Amino acid sequence: MDGVKKMYVIAAIFAFALCAAFSSGAWADPGQWPKTVRLGLIPTEGGADIVKRFQPLIEHLEKTLGVKVEAKSASDYAGVITAMAHKHIDFAYLGPKSYTEASEKANAQAVACEKNKKGEPGYYGIIIGRTGSGIKTLEDARGHVFAFTDPNSTSGYLVPNVLFYRDLKVDPRQYFKEVKFSGSHGASILAVKNGSIEVAATNNIDLDRMAEKGQASWDDFNILWKSDLIPGSPMCVRSDLPESLKAAFAGALMMFNSNQQGLEKLQIGGYQPADDTTYDVIRYLKQLKKQLAQAS
C-alpha cells in the first residue's frame, strides 16, 4: 500500500471511530460547554460572503452540538488570529499559513482539514492574468502590477514567494512594476478580471467559489502557474476548550460529509481528520522563504 492510500485508510478508520464515539455519546459532557460557541472565519472572499457560505455548516453544528454558533469574520487574517488569542472566538476556519501563526500566538489546534472536490486533502495555488491581456506566462507578467492576498495567506503569499525566490530566483518587488495586497482572494480575482491589477496569486478553490457566485469564471483568466498540492485549510479549536467539545466538533465535521448540498455551498469535497503535524510542511516553507529572502 503506497503512502497516499495508507493515509486515506487511516483517515477513514479514524473518522469512522470518531463519528461512532460521538454518536454514542461517549464524549458528551455539555455541562462544561459554553452556551454559545463563536466561529471565526478568515476573509477569503469578504466577511459577509464567507459567513453566508458557511451557513449550512453553522446550522449543522448548532443541531449536532446543541449550542448556538455565532460566526464572524474580520478585515484581515490577522484579525481572526488576534480574536482567538484574546478568546473572542472558540473555533476557527484558517488557511494553512495563518494556522501555523495561530498555533503559536492563539493556542489554535487543528482537528480537521478540507478536501477538494476530487477528494484530495488540499488545494492548489495559482497565479492568474486576465484573458486577452497578452499575459500568458510568468515571463509575460514581468513589469506588470501584481497582487498578493494577505501576509498570512498560504496560496496568496507564502507559496508564490517560494516560487519567486527559490525557483525563479527573483525578488517580486523588483520583478513586478508594483506589488500590492488585495486583502482577500475574491478581491484579487475581481481586480484581475476588471483590469485594476494585472496579475495575482490565488487558488483553485476560491476561483471555484467566485464562479459559483457568478462573479467570475475560469475562462476570464490565463493560469500562469500552478503549485503542488497544499494541505487543506484547517478547522481549528482553541486548545483550552473542554476535550469533549473539541472531540464533538471534530465528529460533527466528519458527519457533515454526508451533506452534499452543504459541501457544494462550501465548494469543497468534505473534511478529513488533521492535527498540528499536518502543517509542518507549511512551517518548513515559511522558514525556507525567510532564508531565501535574506539571501537574495
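Bear in mind these aren't lab numbers, they're just calculated from the coordinates by the rules spelled out. Bear in mind the structure is a predicted one, so any value in this text is a computation, not a measurement. Positions of Cβ are generated from backbone atoms using ideal geometry, with glycine treated the same way; all protein chains shown enter the neighbour counts.
For the charge dipole of segment 122-230, defined by +1 on Lys and Arg C-beta atoms and -1 on Asp and Glu C-beta atoms about the Cα centroid, which residue among S217, I189, Y124 has the Cα displaced farthest towards the positive pole?
So the residue furthest toward the plus end is I189.
Rounded, prolate or oblate: which one fits segment 39-135, using the alpha carbon gyration tensor with axes a ≥ b ≥ c (rounded when a/c is under 1.5, else prolate when a/b beats b/c, else oblate)?
On the way: a/c = 1.77, a/b = 1.50, b/c = 1.18.
It is prolate, given that a/c is not under 1.5 and a/b is the larger ratio.
Calculate how steeply helix 3-23 sits against the longest principal axis of the alpha-carbon atoms of the chain, using the helix alpha-carbon long axis, and give the answer as 0 to 90 degrees to the nearest 10.
Helix 3-23 and the main axis of the chain meet at about 40 degrees.
Take the eigenvalues of the Cα gyration tensor for the chain, scale each by 5, and report the square roots as semi-axes in whole Å, largest first. Present the calculation step by step, with values, prior to reporting the outcome.
On the way: eigenvalues 230, 74, 67 Å².
The answer is 34, 19, 18 Å, longest axis first.
Remind me, relative contact order of the chain in percent, using alpha carbon pairs under 8 angstrom and six or more residues apart? Don't jump to the answer; show the numbers that get you there.
Details: 587 pairs, mean separation 82.3, N = 296.
Relative contact order of the chain: 28 percent.
Using only DSSP helix segments of four residues or longer, with each worth -39500 (n - 2.57), what per-residue ellipticity at 222 nm results for the chain after dividing by its residue count and rounding to 500?
Details: 13 runs with 125 residues, N = 296.
After summing the helix terms and dividing by the residues of the chain, the value is -12000 deg cm²/dmol.
Cross-link candidates for K265: which aspartates and glutamates have Cα within less than 17 Å, leaving aside residues fewer than 8 places away along the same chain?
In chain and number order, the partners are E45, D49, E59, E114, D206, D208, E212.
Helix 185-194 versus the longest principal axis of the chain: what is the Cα-based angle in degrees, 0 to 90, to the nearest 10?
It works out to around 30 degrees.
Kirkwood hydrodynamic radius (Cα pairs, Å) of segment 151-296?
Numbers: mean 1/r = 0.0568 Å⁻¹.
After inverting the pairwise mean of 1/r, the radius is 17.6 Å.
Pull out a ≥ b ≥ c, the square roots of the eigenvalues of the alpha-carbon gyration tensor of segment 176-227, then state rounded if a/c is under 1.5, prolate if not and a/b is larger than b/c, and oblate in the remaining case. Spell out each step's value before the answer.
Working: a/c = 1.63, a/b = 1.43, b/c = 1.14.
Prolate shape, in that a/c is at least 1.5 and a/b is the bigger ratio.
Nearest 20 debye, what's the magnitude of the dipole of the chain about its Cα centre given +1 on Lys and Arg Cβ and -1 on Asp and Glu Cβ?
Working: 34 positive and 32 negative charges, 47 e Å.
Magnitude of the dipole: close to 220 debye.
Check the straight Cα-Cα distances from K290 and name the aspartates and glutamates below 20 Å, setting aside those fewer than 8 residues away within the same chain.
Here the aspartates and glutamates satisfying the reach criterion relative to K290 are E101, E104, D150, D167, D171, D228, D280.
Which order do the peptides 203-211, 262-270, 92-100 come out in when sorted by mean C-beta neighbours inside 10 angstrom, highest first?
Details: 203-211: 22.2, 262-270: 19.1, 92-100: 27.3.
Most protected by this proxy first, the peptides run 92-100, 203-211, 262-270.
List, in the order given, every pair from K35/K72; K35/K118; K213/K246 whose Cα-Cα distance in the structure shown is over 28 Å. Don't skip to the end; give the middle numbers.
Details: K35/K72 17 Å; K35/K118 36 Å; K213/K246 32 Å.
Among K35/K72; K35/K118; K213/K246, the Cα-Cα distance tops 28 Å for K35/K118; K213/K246.
Restricting to the chain, compute how many DSSP beta bridges are antiparallel as a %, nearest 5.
Values: 25 of 39 bridges.
Looking only at bridges with both residues in the chain, the antiparallel portion is about 65 percent.
After finding the eigenvalues of the alpha carbon gyration tensor for segment 122-230, what semi-axes result from the square roots of 5 times each, listed largest first in whole Å? Intermediate results must be reported in sequence, preceding the final value.
Numbers: eigenvalues 72, 49, 30 Å².
Over the Cα atoms of segment 122-230, the semi-axes work out to 19, 16, 12 Å.
With only alpha-carbon pairs counted, each pair once and no self-pairs, how large is the Kirkwood hydrodynamic radius of segment 70-194 in angstroms? Please list the in-between numbers first.
Values: mean 1/r = 0.0619 Å⁻¹.
Averaging 1/r across every pair of different Cα atoms and inverting gives 16.2 Å.
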